[in-house]
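Each remark here refers to the structure printed beneath this line.
The values are calculated or read from the model by the stated rules, or taken from the named source; none is laboratory data. All of these numbers come straight from a predicted model, not from anything done at the bench. All Cβ positions, even for glycine, are placed from backbone atoms using ideal geometry, and neighbour counts span all protein chains on display. Ligands, DNA and RNA are stripped out before the accessible areas are found, and what is left, the full protein with its side chains, is counted by its heavy atoms. Shrake-Rupley method; radii C 1.70, N 1.55, O 1.52, S 1.80 Å.
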Amino acid sequence: MENKGGRENKIEREHVGALQYLSGSIERVTFHSEESGFCVLKVKARGKRDLITVVGSSMTVTPGEYVDCTGVWVTNREYGLQFKAEQLRVVMPSTEEGLEKYLGSGLVKGIGAHFAKKLVSAFGLKVFEVIEKTPNRLMELPGIGKFRRDTVVKSWGDQKIIREIVVFLQSHGVGTARAVRIYKTYGQKSIAKVRENPYRLALDIRGIGFKTADMLADRLGVPRHSLMRAEAGVRHVLQELCDFGHCAAEKEQLIEKAIELLDIPRDLIEKAIECEETEGRLVSEDIEGKACVFLASFYKAEVGIVSNLKRLMKHTADWMREIEVGKAIPWVERKTGLELSMTQQTALKAALQNKVVIITGGPGVGKTTLINSILKIARIKTRNILLCAPTGRAAKRLSESTGLEAKTLHRLLEFDPQLYSFRRNETTPLEADLVVIDEMSMVDLLMMHNLLKAIPDTCSLMLVGDVDQLPSVGPGAVLANLIESEIIPTVRLTEIFRQAAKSQIIMNAHKINKGKIPKYQYEPDEQTDFYFVQGDTPEIIHEKLMQIVVERIPKRFGFDPVRQIQVLAPMNRGGLGVRALNIDLQKRLNPHSENGINRFGWTFALGDKVIQTVNNYDKEVFNGDIGFISKLDIDEGIISIHFESREVIYEVDELDELSLAYAITIHKAQGSEYPAVVIPISTQHYTLLERNLLYTGVTRGKSLVVIVGQLKALGMAVRTIRSTQRMTNLVNRLGQLQDLS
């Protein structure tokens with residue numbers, strides 16, 4: 001929404017006293033979101049001569065209704081006093097004037113301003129009783145026939161049901177935004193469904209988890225030792241374990257954690273697991289001789305990946321049949337003017353002779369040159385080539401390096417937010433002869449399954465990625481599992497090309513990957529793109545980092561500190577964590593930071609750099625996307641954020657999906673590349689200091705990498721390879737393909 005007159009810089013709020021009460025009639029609805037319930041109302045309040053602006057949340061609001069509000073008064077420089085309602089209850093109008101305005105608002109179909117006046121004049125305050133109990137009396141009035149009567153009765157019935165549902169949910173502690181989602185999912189059966197099993201909310205409705213459902217169940221009187229609570233708790237515990245990347249958990253671990261969470265007996269937990277298996281939501285299976293439990297979706301995804309790879313490897317690709325590999329290599333070298341290394345030639349042969357192939361390797365080893373060479377050969381035989389990557393930034397880089405269109409996986413598979421599924425699947429496959437996916441280390445189990453389902457029998461697949469980077473944020477370790485199985489032909493590029501060898505970023509990345517301390521001491525006049533700035537304590541590291549980002553890099557290298565420098569921290573918490581760094585960087589880099597809006601523990605201000613923290617399919621904004629706040633309307637609670645080439649609107653209740661992004665975790669930076677990267681590293685990060693984390697962070701820098709921290713911590717990170725592996729059974733399942741390899 002357009003920010004009126006750039007007033008984001010002029011707003012100043014002042015809380016007056018404690019919580020207060022306000023009631024009155026709604027004269028005008030300035031703004032109302034049916035999705036979130038957020039509203040801006042003009043209210044004629046008792047004892048007030050002028051209309052009061054009330055800001056709050058309600059599922060339905062209509063002129064003529066009364067509101068009872070509890071909240072605080074706030075002052076706005078341009079618009080005066082406003083009442084910010086923390087609780088807002090809508091009450092049916094109780095005067096004939098209010099009823100006329102209410103019915104004339106268009107809320108009830110079949111009644112406009114003209115008929116509203118007639119109805120109230122004829123039936124007075126009993127008009128709703130007439131509509132409900134004796135609707136035929138409506139036809140006593142001129143202009144109201146059977147059709148209009150039926151329309152009015154149905155519309156009023158629908159409105160009444162919606163209000164009853166909202167009142168019921170709100171009386172049991174469910175906020176407006178969640179009440180809207182529940183009604184949109186269950187419709188008129190909402191109350192019955194919630195009463196029957198409140199824990200189904202965690203399964204059926206996005207944004208409602210176990211804790212919300214458990215709170216609601218407690219208020220509804222569901223016994224704490226009930227089987228339905230045990231089942232929901234088991235699912236929740238397993239999902240939390242899988243949030244660390246696992247596809248399954250050891251059964252004993254699951255039972256112990258569920259007992260700890262729910263405080264109920266072991267036999268009830270075991271019975272709950274059995275019931276969940278019977279219902280098809282959990283699957284038990286041994287992994288390496290240990291009894292484990294899968295979420296059914298992850299089990300099906302593992303099985304589906306294997307069956308789809310088997311399907312693809314059974315068929316041949318038409319475009320590959322007539323290619324003479326011996327002639328193709330010298331031909332493409334002449335066309336590109338580049339001489340391929342021996343490992344690149346091996347990889348090219350593998351890609352031209354196998355339906356499915358994996359190409360892996362670190363920075364500077366010629367993956368881009370190889371992809372372009374393969375594409376140049378393939379385009380002689382077919383134009384049905386699709387390029388994709390897990391994130392928008394990775395897809396953009398792939399497109400820039402190949403000169404061809406590249407899409408995110410969600411766009412490629414045509415995700416439908418209404419159906420919450422992909423349009424491209426086994427019944428409607430992609431129209432392609434070759435699919436190339438870059439940044440494969442980021443692809444999780446579920447996405448890989450969805451991708452493979454959509455690839456037609458005769459299409460070939462090339463998977464490109466750096467297996468030494470961090471595994472996917474989502475469940476599984478797909479690229480590592482595929483390579484470990486030795487079923488898919490895999491080529492690892494290792495030779496660093498001469499041009500790349502000039503970059504200390506690339507050379508040091510490979511040193512880190514081999515367990516060696518990166519080079520950080522240089523001659524006074526030596527040019528470099530990699531620095532290590534030593535700081536002995538977290539406080540010193542923090543202050544040096546601020547100087548480097550705010551002053552030294554912009555002054556020496558000319559990089560914009562907000563748009564071109566990215567701070568990458570190993571963790572969220574602590575003085576050198578993402579949260580603390582963001583608060584300080586915002587103060588130093590954004591002159592508007594004092595005039596922002598406070599939500600969910602953050603202050604969001606005009607110009608702020610922000611990151612999406614969850615997938616929002618309705619807005620087509622995904623976890624890890626970075627944008628900038630371009631417009632901010634505090635009064636109306638609307639924020640506009642510029643992502644890449646488009647504006648996306650957020651309401652204040654949706655800001656829990658965003659965080660500041662002056663600093664982000666290294667995990668969130670996967671698949672992205674930044675002109676300059678600054679990485680704090682301290683022994684206080686010891687639980688997360690490991691080789692692939694540091695390696696991933698360093699390889700995010702395109703032109704400059706600065707590590708600020710303790711030499712001891714750097715050594716710890718370089719030396720540490722954690723033995724903890726993600727719990728999956730994909731490697732064993734891939735053994736089923738041995739006869740096809």
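I need to check one value: relative contact order of the stretch 470-543, counting alpha carbon pairs closer than 8 Å and at least 6 residues apart, in percent.
Relative contact order comes out at 18 percent.
To test your reading of the geometry: what angle, between 0 and 90 degrees and rounded to tens, separates the Cα axis of helix 176-186 from the longest principal axis of the chain?
Long axis of 176-186 versus the principal axis of the chain: about 80 degrees.
Let me have the relative contact order for the stretch 116-246, percent, based on Cα pairs under 8 Å that are six or more residues apart.
Value for the stretch 116-246: 13 percent.
At a Cα cut-off below 20 Å, give the lysines reachable from Lys44, other chains included and same-chain residues fewer than 8 away excluded.
Excluding near neighbours in sequence, the set is Lys84, Lys101.
Rounding to the nearest 10 and keeping the result within 0 to 90°, find how far the Cα-based axis of helix 342-353 lies from the longest principal axis of the chain.
60
Between beta-carbons, use under 9 Å as the cut-off and find the net charge around Gln504, counting Lys and Arg +1, Asp and Glu -1.
Spelling it out: positives minus negatives among the neighbours equals +1.
Out of the total accessible area of the chain (probe 1.4 Å, heavy atoms of protein only), what percent is carbon and sulfur?
48
Below 14 angstrom from the Cβ of Arg563, what's the summed charge of the other residues (Lys, Arg +1; Asp, Glu -1)?
Around Arg563, the surrounding residues sum to -1.
Just to confirm the number: angle between the C-alpha axis of helix 325-336 and the first principal axis of the chain, 0 to 90 degrees, nearest 10?
With rounding to tens, the tilt is 70 degrees.
Which FRET efficiency, nearest 0.05, do Ile583 and Asn623 yield, Cβ-Cβ r, R0 25 Å?
0.70
In whole percent, what relative contact order does the chain give with Cα contacts below 8 Å and a gap of six or more residues?
11
Looking at Ala301, Thr316, Ile358, which one has the Cα that reaches farthest to the positive end of the dipole of the stretch 290-360 (charges on Cβ: Lys, Arg +1; Asp, Glu -1)?
Selected residue: Ala301.
What size of dipole, in debye to the nearest 20, comes out for the stretch 464-598 about its Cα centre when the only charges are +1 on Lys and Arg C-beta atoms and -1 on Asp and Glu C-beta atoms?
120
Quick check on the chain: take the gyration tensor over C-alpha atoms, sort the square-rooted eigenvalues as a ≥ b ≥ c, and tell me if it's rounded (a/c under 1.5), prolate or oblate.
In terms of gyration-tensor shape, prolate.
I'd like the distance between the alpha-carbon centres of the stretch 319-380 and the stretch 282-296, rounded to an integer number of Å.
So the two Cα centres are separated by 41 Å.
In the structure displayed, which of Lys314/Lys453; Lys544/Lys609; Lys381/Lys453; Lys48/Lys126 lie more than 19 Å apart, Cα to Cα?
Lys544/Lys609; Lys381/Lys453; Lys48/Lys126
Considering only the other residues whose Cβ falls under 10 Å of the Cβ of Ala394, what net charge follows from Lys and Arg at +1 and Asp and Glu at -1?
Taking every other residue near Ala394 into account, the sum is 0.
Hey, can you find the accessible area per residue of the chain for me, probe 1.4 Å, expressed in square angstrom?
In whole numbers, the chain has 46 Å² accessible per residue.
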